[in-house]
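J.: I'd like to ask you about the structure that follows.
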Amino acid sequence: MKNDKITLAHGSGGKLTHELVKQLFLPRFNNKALSQLGDSAILPIHGMRIAFTTDSYVVKPLFFPGGDIGRLAVNGTINDLAVVGAEPMFLSAGFIIEEGFELALLEKVVNSMKEAATLASVEIVTGDTKVVEKGSVDRLYVNTCGIGIVNNGINLSTSLIEIGDRIIISGTIGDHGMAVLSERESLGFNSQITSDCAPLFGTIKKILASGAHVKFMRDPTRGGLATTLNEIVNTQKNGIVIEEQAIPVNEGVRALCEILGYDPLYIANEGKVVIVVSAHDAAKVCEILKEDSLGRDAAIIGEVVIEPKGKVCLKTVIGGTRVIDMLVGDQLPRIC
Ligand code: MG
């Protein structure tokens, strides 16, 4: 490996994270389920397909407009199950707590987790508590694992993607990342920008039940929409073209990104899904989303194309075209 020490960029979800996974973890743990690099592993057990996933949450600050680390830890893991077509059922919760952390705040986080789990009809059935000396961690980290079941008839894979398939985003991009950043930096934009942190299973269930020919889904969290689209084209010979004008962005997010020099395409989301669907069913899926409270701003933003292979291109508002790479470096550490 080029860099002999771990940097914040290794945790960005972008290029260095992918390098770490492909060069260190994947060759050593090598197995069929892991090599898919899905949001959840899908495991065939006694004739059923079990989806299994894990995620650690280190967001700073712990509380932000629209959520907190507890809500994030439940919804984030639920969404990683939902996007592989699984019905989320059970979660674990592991807490790493810094000595001196206020018990009242821990209670607030746990209440939040309970509320989010109830809302999504999942149960937190096992857990772990560790406390480390003051200064060894920054207040509180939470890990959750999730188990769900993939029902028969659901088949999602990047290998099903064909030229002409449409790309849909279920709503505005960048809300979560910019909400956390504005709270962290006390920028005073708080009233305008709220995290989109939400459980997507109910919404996704409606789409899958519609019979629409959905090929693949992923939640564009760390690294944003741009990184997720690159992950999709990385696995195949096709490319993706998206239209800047079609991508929904809240005004507050757009303004804050402009001021601070961020591109909303790379900013994390916590309640959005990217859907690759056949051209024939794209409008139908978009309609279903628009009728759902979590998909009101859904839009068809692009399509799968022959050229350029393995790349994502953006048609800009002013008529140009540019290649959109995966997130390089780390724009916003500890966003989730
Ligand atoms: Mg995910």
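The values are calculated or read from the model by the stated rules, or taken from the named source; none is laboratory data. In this text the structure is predicted, and so the values were computed from the model without any measurement. Cβ sites come from the backbone with ideal geometry, for glycine too, and all protein chains shown count toward neighbours. The protein model used for the area step is the full one, side chains on, heavy atoms only, and it has no ligands, DNA or RNA in it. Shrake-Rupley method; radii C 1.70, N 1.55, O 1.52, S 1.80 Å.
J.: How large, in percent, is the carbon and sulfur part of the accessible surface of segment 76-159 at a probe radius of 1.4 Å?
T.: 54
J.: Please give the per residue volume of the convex hull enclosing the alpha carbon atoms of segment 78-131, rounded to a whole number of Å³. Mind showing how you got there, number by number?
T.: Details: hull volume 4.2 nm³, N = 54.
Dividing the Cα hull volume of segment 78-131 by its residues yields 78 Å³.
J.: Right, here's the next one. For the chain, what D do you get in µm² per second when you plug the Kirkwood radius from alpha-carbon pairs into Stokes-Einstein at 25 °C and 0.890 mPa s? Write down the numbers at each step before the final one.
T.: Working: Rh = 20.3 Å.
Rounded, D is 121 µm²/s.
J.: Further question: Take the alpha carbon atoms of segment 81-128, find their center, do the same for segment 6-44, and report the distance between the two centers in whole angstrom.
T.: Result: 24 Å between the Cα centres.
J.: Roughly how many debye, to the nearest 20, is the charge dipole of segment 158-323 about its Cα centre, given +1 on each Lys and Arg Cβ, -1 on each Asp and Glu Cβ, and no other charges?
T.: For this selection, approximately 420 debye.
J.: OK, next. Within the chain, which is the longest segment containing none of the GluC sites (Glu not before Pro) that sit in a DSSP loop and have at most 15 other Cβ atoms within 10 Å?
T.: 186-290
J.: Please work out the average accessible area per residue across the chain, using the 1.4 Å probe convention, and give it in Å².
T.: Ligands and nucleic acids excluded, the figure is 47 Å² per residue.
J.: Find me the longest stretch of the chain that has none of the exposed trypsin sites (Lys or Arg not before Pro), where exposed means in a DSSP loop (not H, G, I, E or B) with at most 12 other Cβ atoms within 10 Å.
T.: It works out to 6-133.
J.: Here is a follow-up. Could you work out what % of the accessible surface of segment 198-336 is carbon and sulfur, using a 1.4 angstrom probe and leaving DNA, RNA and ligands out of the count? Mind dumping the intermediate values first?
T.: On the way: 3020 of 5770 Å².
Of the solvent-accessible surface of segment 198-336, carbon and sulfur hold 52 percent.
J.: Further, regarding this structure: Could you name the lysines in cross-link range of Lys205, using Cα to Cα under 16 Å and dropping any fewer than eight places away on the same chain?
T.: Within the straight-line limit of under 16 Å, Lys205 reaches these lysines: Lys215, Lys272, Lys284, Lys290.
J.: Under the Karplus relation 6.51 cos²θ - 1.76 cosθ + 1.60, θ = phi - 60°, what is the ordered set of whole-Hz ³J(HN,Hα) values for segment 167-181, x standing for Gly and Pro?
T.: Residue by residue, segment 167-181 yields 10, 10, 10, 7, x, 5, 9, x, 4, 4, x, 6, 5, 5, 4 Hz.
J.: For segment 1-103, with only Lys/Arg (+1) and Asp/Glu (-1) charged at the beta-carbon, what is the dipole magnitude about the Cα centre, in debye rounded to 20?
T.: For segment 1-103, the charge dipole is close to 540 debye.
J.: Same structure, new question: Among Gly271, Leu260, Ile324, whose Cα lies farthest out toward the positive end of the dipole of segment 239-336, if unit charges sit on the beta carbon of Lys, Arg (+1) and Asp, Glu (-1)?
T.: Of the candidates, Ile324 comes out farthest on the positive side.
J.: Further question on the same structure: Please report the orientation-averaged projected area of segment 199-336, defined via the convex hull of its C-alpha atoms, in nm².
T.: On the way: hull surface 35.3 nm².
In nm², the orientation-averaged hull projection of segment 199-336 is 8.8.
J.: Once a ≥ b ≥ c are taken as the square roots of the eigenvalues of the Cα gyration tensor of segment 1-100, is the result rounded (a/c under 1.5), prolate (a/b larger than b/c) or oblate (a/b not larger than b/c)?
T.: Cα axes put segment 1-100 in the oblate bin.
J.: Normalised by the residues of the chain, what does the relative contact order come to in percent, with Cα pairs under 8 Å and at least six apart?
T.: Relative contact order here is 24 percent.
J.: Moving to a separate point now. Among residues other than Asn143 whose Cβ falls under 12 Å from its Cβ, what is the net charge (Lys/Arg +1, Asp/Glu -1)?
T.: -1
J.: Just how far, in whole angstrom, is segment 137-208 from segment 259-322 if you go by their alpha carbon centroids?
T.: Segment 259-322 and segment 137-208 have Cα centres separated by 13 Å.
J.: Treating only the Cβ atoms of Lys and Arg (+1) and Asp and Glu (-1) as charged, compute the dipole magnitude of the chain about its Cα centre; round to the nearest 20 debye.
T.: The calculated dipole for the chain is roughly 800 debye.
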